[in-house]
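These notes are about the structure you will find just below.
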Amino acid sequence: MLHPHHLNTTCAVCGETCRFTIPEAASSVGSRDLDTRPAEPLRSTIYAWVKRCPSCGYCAPDPGKAQEGAADVVKLPRYRGQLDARKFPGIANTFLCWSIIQEDLGLPARAAWASLHAAWVCDDEGVDVPARICRKRAADLLRRGWEKGERLAAPEGADEALLADLLRRAGRFREARAVVKEMLEKNPEPVIADILRLQARLIAASDRGAHTVAEARRFRHPVPL
Ligand SMILES: [Zn+2]
């Protein structure tokens, strides 16, 4: 069995030696949320998915590596402001900084994932407004990715199902309903259609909460009472 251990690395931006705690390797048991968030125990390892160099503030899954141009983004006022933005939990800021780097380097799909991960941190901290801001940002980035021909997931309709969840949980019900309606008219595969129908039901109930893919399946095959 693996136990939490430490990773020593040299920051690719400033050259400082950094030490990070890495959790025990984990998989997930049980259904994912509709926004792909895995079940436990993987769910709780999120704090270690992106790391922050304590010296220069570079945030990345592996601060020992940096894409070309990343060091310049770290200096931008927008990045410096996000690093310690009081509105967001600290780990959410780390994800948002990684998201800003990806956005600035022209990788909106990766930036969208990072923003969604920031929303999950906000969910865990019970801070609603920042969670909605992160989801709105993820939705905008996802759409920008589409314009560039980038998709987050391969199956047809999977991105739209994720977008519907981002918008619903951000409280943007009208936009979410439009995404669901448009995608259902394209007759997606049954798994996606089930999820979209669950989204439609949640939107109709003004439900902004987290729900799982398993619920979408139950909705399709209701258990007789
Ligand atoms: Zn550094």
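Computed from the coordinates by the stated procedures, all read-outs in this text should not be read as laboratory data. Not measured: the values here are computed from a predicted model. Methodologically, a virtual Cβ is constructed for each residue, glycine included, from the backbone with ideal geometry; neighbour enumeration extends over all protein chains shown.
For Ser28, the amide hydrogen comes within under 5 Å of the amide hydrogens of Leu42, counting only partners 5 or more places away or on other chains and with H modelled in the peptide plane. Exceedance of the 26 Å cut-off in Cα-Cα distance is limited, within the set Lys148/Lys181; Lys51/Lys87; Lys51/Lys136; Lys87/Lys148; Lys87/Lys136, to Lys87/Lys148. Of the two radii for segment 115-160, the radius of gyration is 1.07 times the Kirkwood radius, both from the alpha carbons; that is the Rg over Rh value.
By the equivalent-ellipsoid construction on the alpha carbon gyration tensor, segment 154-225 comes out with semi-axes of 18, 16, 10 Å, ordered largest to smallest.
In this Cβ point-charge picture (+1 for Lys and Arg, -1 for Asp and Glu), segment 146-225 has a dipole of about 360 debye about its Cα centre. Amide H contacts of Cys18 (H built 1.01 Å from N, in plane; Pro and chain starts excluded): Thr9, Thr10, Cys11 sit under 5 Å, all sequence-distant by 5 or more or on other chains.
Within the shell of other residues whose beta carbon sits under 13 angstrom from the beta carbon of Pro108, the net charge comes to 0, with Lys and Arg scored +1 and Asp and Glu -1.
The Kirkwood hydrodynamic radius of segment 100-225, based on inverse pair distances between different Cα atoms, is 14.9 Å. Each other residue within a Cβ distance under 15 Å of Ile91 adds +1 if Lys or Arg and -1 if Asp or Glu, for a net charge of +2. Rounded to the nearest whole Hz, the Karplus-based 3J(HN,Hα) values (6.51 cos²θ - 1.76 cosθ + 1.60, θ = phi - 60°) of segment 42-57 follow the sequence 4, 3, 7, 7, 4, 4, 9, 5, 10, 10, 10, 5, x, 8, 9, x, with x at glycine and proline. Structure remark: mean-square fluctuation, Gaussian network model of the chain, C-alpha springs under 10 Å; the largest value among Leu152, Leu96, Leu141 belongs to Leu152. Dipole size of the chain about its Cα centre, with +1 on Lys/Arg Cβ and -1 on Asp/Glu Cβ: approximately 500 debye, rounded to the nearest 20.
Please state the shape class of segment 1-83: rounded when a/c is under 1.5, otherwise prolate if a/b exceeds b/c and oblate if not, all from the C-alpha gyration tensor. The shape class here is oblate.
Each peptide in 79-86, 119-126, 169-176 was scored by the mean count of other Cβ atoms within 10 Å over its residues; highest first, the order is 119-126, 169-176, 79-86.
Projecting the Cα positions of Pro54, Ala131, Ser27 onto the charge dipole of the chain (unit charges on Cβ atoms of Lys, Arg, Asp and Glu, taken about the Cα centre) puts Ala131 furthest along the positive direction. Each principal axis of the Cα cloud of segment 1-152 was evaluated for its coordinate range; sorted largest first, these ranges are 44, 41, 31 Å.
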